[in-house]
Each structure stands twice: as structure tokens, then as C-alpha cells.
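Novice: Quick one: the structure is below, questions incoming.
Quick note: the coordinates plus some simple rules give every number you see, no bench work behind them. Keep in mind that this is a model prediction, so the values were computed, not measured. Please note: Cβ atoms are built from the backbone with ideal geometry, for glycine as well, and neighbour counts cover all protein chains shown.
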Amino acid sequence: MRLELNAREREFRDRAADWLVKNVPAQARPPSGPDLVAFDREWQLRQYDGGWAGVSWPREYGGAGLSLTEQILWYEQCALFDAPEPGVFSIALGHAGPTLIVEGTEEQKHRHLGPILRGEQVWAQGFSEPGAGSDLAGLRTRAQLDGDELVVRGSKIWTTRAHLSDWQELLVRTEPGARRHRGLSFLIVPMDSPGIDIRPIVTMDGDTPFAEVFYDDVRVPVTNLVGRRGDGWKVAMTTLGFERGTMTLGSVIRLRRLIERVRVLAGERCDRRGRPLLADGETAARLADLESEAVALYALALAFVSEVVHTGRSASGTLIRPFFAELSQRVKRTAADLLGREGLSVDGSRQAAEIVPSYLYSFGHTIGTGTSEVQRNVIAERVLGLPRA
Ligand SMILES: Cc1cc2nc3c(=O)[nH]c(=O)nc-3n(C[C@H](O)[C@H](O)[C@H](O)COP(=O)(O)OP(=O)(O)OC[C@H]3O[C@@H](n4cnc5c(N)ncnc54)[C@H](O)[C@@H]3O)c2cc1C
């Protein structure tokens, strides 16, 4: 493992910092609606024009062609300069694009990768169904071959940003009679295809981050198959690998920044006797625990990157997601606790408006991308080699 930067990497980091100082938008990201999508699009395009979109994506598809080390340096600088997160492009950039780089045809790569980097394509992921979340191989949405098209019928649930998306990664059953994961295929589906009905789901903070999606004889060209027909499980595992590994790296780095902000909050807020909350030993110890766990998680992320860069693979990617998800929940819970009664409402101070929705959304961190329990099973079986439960 090598953790120190060489001269080329240091130069990259300094150039990134210089660009971010001049280009991070001054205005805050709008909370929702078309303004938010427009904001995210503009920020993505600005990064592309500056040569910073897809740092580790191949050059021939619009990326910068650098390694995962530069990618993590870019994430680090973005966190340091409070650059906006990928927002509506998180699925496109985090796993749809990376999956196509590994598994897509040339035609698919040219159709999607450049537009994703320029902020022209929002993507959604249609994997989960009622009754097939953790047990993904049990999914029932079918796609039947009809000439040179596949005809999709069924439904998906918890599809993040379905109502904002242009394209979808859709996992369907194509081989009748084949058992479970053997009969699946991975399709690219335009979200405006006739026969798609999207019904947003309202969450406890009043937002509609995901939707139920119904497919009523939706016709998809067979050229939109990623990988071979019936090989969708392998492609989906590639997607989940990116989702649980590299996609989480940026969030890990931003979590340290968030802890810093929570510490500032604890210094500003006072108890009834007018003492800063940070002067309370229990609060200070709680923050110190969070900080040390975040440092450990960051070290794990760096070890993962170093291993991937030098050997091409790493088992520790599997450990990052559940560790991050649970720590992130505790950080956000701590921030909400520091707000006291204000932490019970989204309509309070500016700080409450920022912290409370993020705290409420954090309940989903240990469910989305696979629950912590299921990921612990994966760690037990595939990393530690323990017998299957
Ligand atoms: C914020 C968020 C965003 C999401 N975005 C998307 C998206 O964009 N696209 C998409 O397709 N899906 C998405 N999902 C859905 C997510 O992938 C599923 O909710 C998740 O896989 C769990 O499936 P389930 O809800 O059906 O729960 P279940 O699988 O029914 O699990 C219920 C409980 O049983 C436990 N359990 C199940 N099996 C085991 C086992 N073998 N061992 C131990 N415990 C077990 C689980 O841990 C859980 O506690 C999202 C979910 C959330 C919360």
C-alpha cells in the first residue's frame, strides 16, 4: 500500500484547488424542483468544460483518463471547497456510466458517456421490486422478446429520482424457466417510453425522492441490452460494486467535513446556563468518537484506492458502504440533537432547515444500496470466507 502523493498527484491536487476556488457556485443549491435540476446541470457542465468531469473515466469517452488516486484527490478538494455534490447525476456518474464503461457496447458508450459527463442525462436505477429488495434475484418484472424488441411488463419500487430521469438501468427477467439470477437481463430504458407510469412516493420529510414505476408493455430495442441476454446478474453485480465502492468514496470524504461543521455548531450553540455545548464533556466525547471513526473510515477508503490502483482489485470496498452508512446516521443524529427542540422541525432556523431533512433522509442510508444486514452477510461470506448463513 502507498499512501503518500507523488509530484504529479500533488500538482493535480493544487490545480484542482485553484480551479475550485474560482468556479464553485456562490449561490446555495436549491432544495428541490426544476431549479435544482438546472443548478446541478450547470455545475456538471462547468466541471466538464473545465476538464474535471469523469476524472478516472477513459479519455475516448470524454473523461480525463486518470487513476482512482486523482479521482479521490478531486473528491477531497471538492469537499474542502464545499463544491456541490453530483446531485441528480449521482446515479449516472456513480454507477450507470461506470457500468457501461465495463460492460457496454461501443455504441452504448458513445451514446451515453459523453452526455452523462456534460450533465445531459439523468439516470435512475430500476432494480428493487415489492418482494425483491434484499432478495434481488427474486424479481418478477418480465421482458419478452418480440422481433428485435423486448417488451417489458411489471413494476419497480423505491426508484430514486424516477420522475426526473431520462434513462434507467432496468433489471428484468427474460428467460422463462431459468432459475433466479440465471434468467435476468440488464436493459437501458428511456424513461419517456410509452407504457411507463411513474408514481412518486412521499417520504417523512415531505419530499418525493423516489417513485413506484409501472411498465405496461414497454418496448425496448434489443440493442439496449447491456451484456448478453440472461447475463444481467453479472452486469448488476458490476453496478452494485461501483455503488457500494467507488461511488461512496466522495461521501466518505464529505462526512469528515460535515463533522467539522457539527463541531462548529456545538461551539456556537449554548445550554441554558449560556455555556457552549462543546464545553459539555459528553458532547465533546461524542464528537471525538465520530471524528476518530471518520478518520478510520477515510484510512479504509485510501487503502481501498491504493489496492485497486496497484493490484486492480480490493476486497475492502465491501466494508466501506455499511461503515459509512452507520457513521453518517450517527453524525446526522448528533447534529439534530445539538439543535435541541429546533431539531424537531424543518421550519426552524437556517441551520435546522439544513440539518433536519438530511437527518430524516439518513434513516435510508442503511437500506439503500442494500441493507447493512445484507452487506454484513456479504462481508462474512466473501471477505472473511465464513460459511453461508
Ligand atoms: C434511500 C433509498 C434509496 C433507494 N434507491 C433505490 C433505487 O434507486 N433503485 C432501486 O432499485 N432500489 C432503491 N432502493 C431500495 C433498496 O435497494 C431496498 O429497499 C433494499 O435493497 C432492501 O429491500 P427491501 O426494502 O425490499 O427490504 P427487505 O429485503 O424486505 O428487508 C427487510 C428487512 O429484512 C432484512 N433482511 C432481508 N434479507 C436478509 C438476510 N438474508 N439476512 C439478514 N437480514 C435480512 C433486511 O436487512 C431488512 O432489515 C432505495 C432504498 C432507499 C432506502
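Novice: Roughly speaking, what is the stretch gain from D35 to E282, that is 0.36 nm per residue apart minus the C-alpha to C-alpha distance, in nm to one decimal? Can you show the working numbers first?
Specialist: Numbers: separation 247, 0.36 × 247 = 88.92 nm, distance 4.12 nm.
That works out to 84.8 nm of additional length.
Novice: For a paramagnetic label modelled at 7 Å from the Cα of N377 toward its Cβ, which residues of segment 231-257 fall within the zone defined by backbone nitrogen distances under 17 Å?
Specialist: 237, 240-241, by backbone N distance to the label point.
Novice: I need the Debye-formula profile for the chain: one equal scatterer per C-alpha, no solvent, reported as log10 I(q)/I(0) at q = 0.08, 0.09, 0.12 1/Å, two decimals.
Specialist: Ignoring solvent entirely, the Cα scatterers give -0.44, -0.56, -1.01.
Novice: Could you pull out which residues in segment 6-34 have an amide N less than 20 Å from a spot 7 Å beyond the Cα of A353, following the Cα-Cβ vector?
Specialist: It comes to 25-34, nothing else.
Novice: Sticking with this structure for a sec: Which length gain, in nm to one decimal place, applies between H110 and E291 when the Cα-Cα distance is subtracted from 0.36 nm times their residue separation?
Specialist: Working: separation 181, 0.36 × 181 = 65.16 nm, distance 4.25 nm.
Contour length minus Cα-Cα distance gives 60.9 nm.
Novice: Choose one answer from K22, K109, K332: the residue with the largest mean-square fluctuation in a GNM of the chain with alpha-carbon springs under 10 Å.
Specialist: Comparing K22, K109, K332 in the GNM, the peak value goes to K22.
Novice: Hey, can you grab everything whose amide H is under 5 Å from the amide H of R269? Only 5+ residues off in sequence or another chain; H modelled, so Pro and N-termini drop out.
Specialist: L277
Novice: Using a 10 angstrom cutoff on alpha carbons, build the Gaussian network for the chain and name the most mobile of G63, G241, G206.
Specialist: Comparing G63, G241, G206 in a Gaussian network model of the chain, the most mobile one is G206.
Novice: Can I ask one more? With a Cα-only, solvent-free Debye model of segment 94-243, what are the log10 I(q)/I(0) values at q = 0.13, 0.14, 0.18, 0.21 Å⁻¹?
Specialist: For the requested q values the scattering log ratios are -0.53, -0.62, -1.07, -1.47.
Novice: Given a Förster radius of 51 Å and the C-beta distance between A178 and C270 as r, what FRET efficiency does 1/(1 + (r/R0)^6) yield to the nearest 0.05?
Specialist: Values: r = 64 Å, r/R0 = 1.25.
For A178 and C270, the calculated efficiency is 0.20.
Novice: Moving on to the next point. Measuring from label point to label point, each 7 Å out along Cα→Cβ, what is the E60 to A28 span in nm?
Specialist: Distance between label points: 4.6 nm.
Novice: Now a separate question. Just subtract the alpha-carbon distance of F214 and R261 from 0.36 nm times their residue separation and send over the number in nm, one decimal.
Specialist: Details: separation 47, 0.36 × 47 = 16.92 nm, distance 4.13 nm.
Using 0.36 nm per residue and subtracting the Cα-Cα distance, I get 12.8 nm.
Novice: Let me ask another. GNM on the chain, C-alpha springs below 10 Å: top fluctuator among W19, W123, W57?
Specialist: W19
Novice: While we're on this one: Check the straight Cα-Cα distances from K109 and name the lysines below 27 Å, setting aside those fewer than 8 residues away within the same chain.
Specialist: Partners within reach: K156, K234.
Novice: Let me check I've understood the local charge: for D146, count other residues with C-beta under 10 angstrom from its C-beta, Lys and Arg +1, Asp and Glu -1. What total comes out? Working shown, then result.
Specialist: On the way: positive: R219; negative: D148, E149, D217.
Around D146, the surrounding residues sum to -2.
Novice: When the distances between all Cα atoms of segment 245-383 are binned every 5 Å from zero, what whole-number percent does each bin get?
Specialist: The calculated distribution, bin by bin, is 2, 10, 18, 19, 18, 13, 9, 6, 4, 1, 0, 0.
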